[in-house]
1. Give, as residue ranges, the helices (runs of 4 or more DSSP H) completely inside segment C:1-106 that count at least 2 residues that are modelled with pLDDT of 95 or more and over 21 Å from C:G175 (Cα atoms).
2. Identify the single condition in (1) surrounded by fewer than 20 Cβ atoms within 10 Å (Cβ to Cβ); (2) within 14 Å of chain D (Cβ to nearest Cβ); (3) of a type in the set (K, R) that B:K194 does not satisfy, given that it satisfies every other one.
3. Modelled with pLDDT of 95 or more and within 14 Å of chain B (Cβ to nearest Cβ): is that true of D:L181 in this structure?
4. Assess whether A:D159 counts as being under 30 Å from C:C280 (Cβ atoms), touching a Pro at 6+ places or on another chain (Cβ under 7 Å) and in contact (Cβ under 8 Å) with a residue 24 or more places away in the chain.
5. Residue check, B:D234 against (1) touching a helix residue (DSSP H, G or I) at 6+ places or on another chain (Cβ under 7 Å); (2) more than 30 Å from D:L288 (Cα to Cα), all met but one. Which one?
6. Based on this model, can you work out whether D:E62 counts as more than 11 Å from chain C (Cβ to nearest Cβ) and among the acidic types (D, E)?
7. Tell me which residues, restricted to segment D:260-296, are out of contact with any helix residue (DSSP H, G or I) (no Cβ under 8 Å at 6 or more places or on another chain) and either closer than 20 Å to D:S203 by Cβ or free of Cβ contacts under 8 Å to residues at least 60 places away in the same chain (or both).
8. Can you name the condition, by its number, that B:D139 falls short on among (1) on the phi > 0 side of the Ramachandran plot; (2) surrounded by 24 or more Cβ atoms within 10 Å (Cβ to Cβ); (3) in contact with a Leu (Cβ under 8 Å, 6 or more places away or on another chain)?
4 protein chains.
Amino acid sequence: MSESNQPASLSINGVEIEDTFAEAFDMKATRLIVTAIDHHWARQAVSAMSGFGTSVIDCKIEIDIERELSGEETPDGRPGYAVLAFAMSGGDLEKQIIKRSGQCVLTCPTTALFSGLEAERDSTNKRMALGKTLRFFGDGHQISKWIDGQRYWRIPVMDGEFLCQHDVPRIDGIGGGNFLLVASSLPVALNAAKVAVDAIAESPGVIAPFPGGVVRSGSKVGSKYKAMIASTNDAYCPTLRGVVDSKLSSRQNAVLEVVLDGVDFESIAGAIATGVKAACQAFGGQGLLAVTAGNYGGKLGRHHFKLHEILR
Amino acid sequence: MSESNQPASLSINGVEIEDTFAEAFDMKATRLIVTAIDHHWARQAVSAMSGFGTSVIDCKIEIDIERELSGEETPDGRPGYAVLAFAMSGGDLEKQIIKRSGQCVLTCPTTALFSGLEAERDSTNKRMALGKTLRFFGDGHQISKWIDGQRYWRIPVMDGEFLCQHDVPRIDGIGGGNFLLVASSLPVALNAAKVAVDAIAESPGVIAPFPGGVVRSGSKVGSKYKAMIASTNDAYCPTLRGVVDSKLSSRQNAVLEVVLDGVDFESIAGAIATGVKAACQAFGGQGLLAVTAGNYGGKLGRHHFKLHEILR
Amino acid sequence: MSESNQPASLSINGVEIEDTFAEAFDMKATRLIVTAIDHHWARQAVSAMSGFGTSVIDCKIEIDIERELSGEETPDGRPGYAVLAFAMSGGDLEKQIIKRSGQCVLTCPTTALFSGLEAERDSTNKRMALGKTLRFFGDGHQISKWIDGQRYWRIPVMDGEFLCQHDVPRIDGIGGGNFLLVASSLPVALNAAKVAVDAIAESPGVIAPFPGGVVRSGSKVGSKYKAMIASTNDAYCPTLRGVVDSKLSSRQNAVLEVVLDGVDFESIAGAIATGVKAACQAFGGQGLLAVTAGNYGGKLGRHHFKLHEILR
Amino acid sequence: MSESNQPASLSINGVEIEDTFAEAFDMKATRLIVTAIDHHWARQAVSAMSGFGTSVIDCKIEIDIERELSGEETPDGRPGYAVLAFAMSGGDLEKQIIKRSGQCVLTCPTTALFSGLEAERDSTNKRMALGKTLRFFGDGHQISKWIDGQRYWRIPVMDGEFLCQHDVPRIDGIGGGNFLLVASSLPVALNAAKVAVDAIAESPGVIAPFPGGVVRSGSKVGSKYKAMIASTNDAYCPTLRGVVDSKLSSRQNAVLEVVLDGVDFESIAGAIATGVKAACQAFGGQGLLAVTAGNYGGKLGRHHFKLHEILR
């Protein structure tokens, strides 16, 4: 009898890593850069812009700060932030980007708005309107300007001018990478999730768009109510252990999920590895019991992040 | 000859207060309370929930944190935040509240969600669904619970249960209270706006929903482009002083606006007084030159905040 | 046989409260108020001023922010912070207050410095120098000013003038109130401590001067090394359970302490009650196992905070 | 006639750069790394450790956070912060480092403490005690451990063990690099200083140890009071313009100074260039009028940062 028939076993610092995979989806994506006179004002703009952007289900977009940028890393030499945005279609993405830029960046003192993807510009990338649409706010007083082959708009506002790139490329991205932290108690799950999200914060090309990077309302497809396409993942709800066919043992009393969107497979795989390892190193043997991942049997999303491959 | 024909004159610490008024609109409003295991997690939820909520034009809702609450001020004795939300209709308000609660509070570890308006509950206030709608996420495992005449739902999630009040009252509110700070230069305008917003932060019943509480893209009604219902307020754009019929003198080089939504006239009037006085005390004689307000000739909104009445 | 001979038993939400007491010491105390043009600059000053102020042993002073103040709560109508400071003697307290005010408040843009104890001024309170000493920095250009029976100094600096009250009262305070959270694992202890400190943050008259309000290096009196007057509290070190006479059971793997200084007995007793209850409500049944307190057999400090009396 | 006799003239974006120099001093320096379970706890430790560390005059040490570190940049793979510290002598530096580590790092949950200078270790660098002294807190239960030629101590505490490097190298550093921002009004000076400090925050090898990175109490050597070795720099106090021999014109109403300590000449020169350029770009033509620097005629400190050389 060959051992290849036996289920593989993997643990990190005493934490069992389940032999399963996270199932993720094709999305359309882009990166924006918001700069301002200082980080305070840039942060006001990107915090507003990336709010209510946790899940495409009701927000239409998943959007968050990727990382802080120094003046040496931005197009206009001022401090700023890179923001990543993901949507189910290019149309949704463009519509949301325009609305959020108009309401949260155009309005915010001293900001400017740029594409963060210029390096990847090529003929295969479609462009989405940015200044191209927002310029009309200038009521005819806006001025076009070309710099290094890129078009920008200078739109007069009460604190001077809002500088905004004409358009931004749209690239392919992946949404819904994830892992679940299974713990003996709520405080362990909370701390493990925080450590994982803190470690991932430095990872380029990836965002964790839920509040604090974490989801506690994991969902399954379908519901007993016809109108609901998804409902609580009862198999992972500790209060339902005696009621449904639970995946939680009697020692497993709290589960939190980290959901990740990324610009490519490697970004998400790398972030999963970073986050899981940090949580296991911190709390293996102290109540972090297992790590698993969410999927739909592989039928819905074509990107499969196999924990054992990523973490070995 | 009577002096009553002469234009009134008012200044605070050397800053000229124009004899004009802010014109504001009827809105529908509500107050929500979000609690969590600590302020960190409560803040994650309300920050997400109140993002992209600067103006009803594209956000459909204007929503922001009203203030931080200690455990002694919340229904479940845990730390939290009060959030105020405003929309053009009760339908818009209910729809946005449900979506934002579902995406940003239900999802966030350890949170609970309550109405913050119970004291004002009476037969004349319509109720908007909250747990009434969100409970279906529980897929039949949710449990109803009555406490002190109020109905709540306990919805099983991966970290335990999400406790959510059944519904929340809807009250009348006012949106679009405002004042403009006119300064000799951008840094003066930035600092004066910051001081004003910082002072207003303590005011109950009012929010300043734009990024950092401030707008630099003041708008006028109409545009040379047919599709645009509003466009840049060119009379207050310093770069257009030589081009349009400007309201700015040659010394006035930067203008910022604070926009306020409130639960009643007094809240907004009080916040305008607090903010304007703080800015004038701080920077009168140092580059803050004038305070004015935005209106549409009194034709659009029925609430008029007359600066000279409020500030005398 | 009377029940009075039996050890009392008390638990809160399943967490055992030990029948012991925190032993605290007489200290000298004062409250200062730092204001500035906005909370940003006031916070820079008080953060600097209250750093390296965790324990009198090497810092000579225990000092921390008591709470944020709105403009309506400060002597000059500007936003600010109240700071509480404690030392072993009036001389130490005055010396440290002067040094820290000179290095961290006088230096910080736009700040002013006031006593926060005026209401309690009476003939029995000694006064400590503040502006009385700092004024000499003005090199003869400082100006004295009396307002409502209080003396102030206006000291010329590069951003205008530093306004500083002449002197501040010194009152009796209490240092070393404390409680220990005993948990099944580190993440539980961390979260329980955070919840306790977050709850106490609102309590008036009290500070938790250690980093984040928490101590992990609990100490016992004495050491095997002659020069050390205190050393690690080995009875509460989980890694020493098999080596020393431990107070930890095999399930108790992490302990954190909250240390409190207060202006009177009631402030500290109230804060202990608030903190312990919040932690127990949050994590009883989830790994928070017991609450105890640190004392020296009652021989060193004359203030005894009996947990069972405070928490019943 | 040669032009070489004419004073050099330099301006950046309309801001006059004076042809003068900052005079700085030899100091002893070191870099420490503090890590923890997440950035929250690491920040609590380094904030406490670097408080009351603005100037050697009364603090004995100048110490501040250099930058945030990801897990990939620290010795133990956990998130953390690099801290730079400077003192007038090696003895002062060692004494302060030990006290601050003992009171603010040893005490703080989950932290570990390392040298951040290993790469520069060589026979010429003296070593200062760290774990070598702190270990005695372990009361004999501490354990020595060698990794890659470095010695560490594991000291039992209530949350597990405090890991601390045995000793740290001491290097030569420079203290007192500086520049002054001269503005038309206080809000301009405040914003210009903030922009400069925000830009410098990314610079390696340098700290700006005053509150928010800024000093408003510039000083001159000497005083009319014998006991004072320094007093207010009256030539730069706007309120004294009519009273003393002022360096301020009637348009110059507020001055703020940024003081910099660095590990070498290049670090400070680079930070001066970065900060001055950012402030001038932001506020030239808007009230930032001139940039100058503080010196003592070149007689006291041997490091001279000539603005015209650095900024050309």
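The values are calculated or read from the model by the stated rules, or taken from the named source; none is laboratory data. No experiment lies behind these values; they were computed from the predicted model shown. Positions of Cβ are generated from backbone atoms using ideal geometry, with glycine treated the same way; all protein chains shown enter the neighbour counts.
1. Of the helices (runs of 4 or more DSSP H) lying wholly inside segment C:1-106, those with at least 2 residues that are modelled with pLDDT of 95 or more and over 21 Å from C:G175 (Cα atoms) span C:39-49, C:90-104.
2. Tallying (1) surrounded by fewer than 20 Cβ atoms within 10 Å (Cβ to Cβ); (2) within 14 Å of chain D (Cβ to nearest Cβ); (3) of a type in the set (K, R), B:K194 fails exactly one: (1).
3. Taking the combined requirement at face value, the residue satisfies it.
4. When the stated conditions are applied, A:D159 does not pass them.
5. Single failed check for B:D234: (2).
6. no
7. Correct list: D:V263, D:D264, D:F265, D:E266, D:S267, D:I268, D:G270, D:C280, D:Q281, D:G294.
8. (3)
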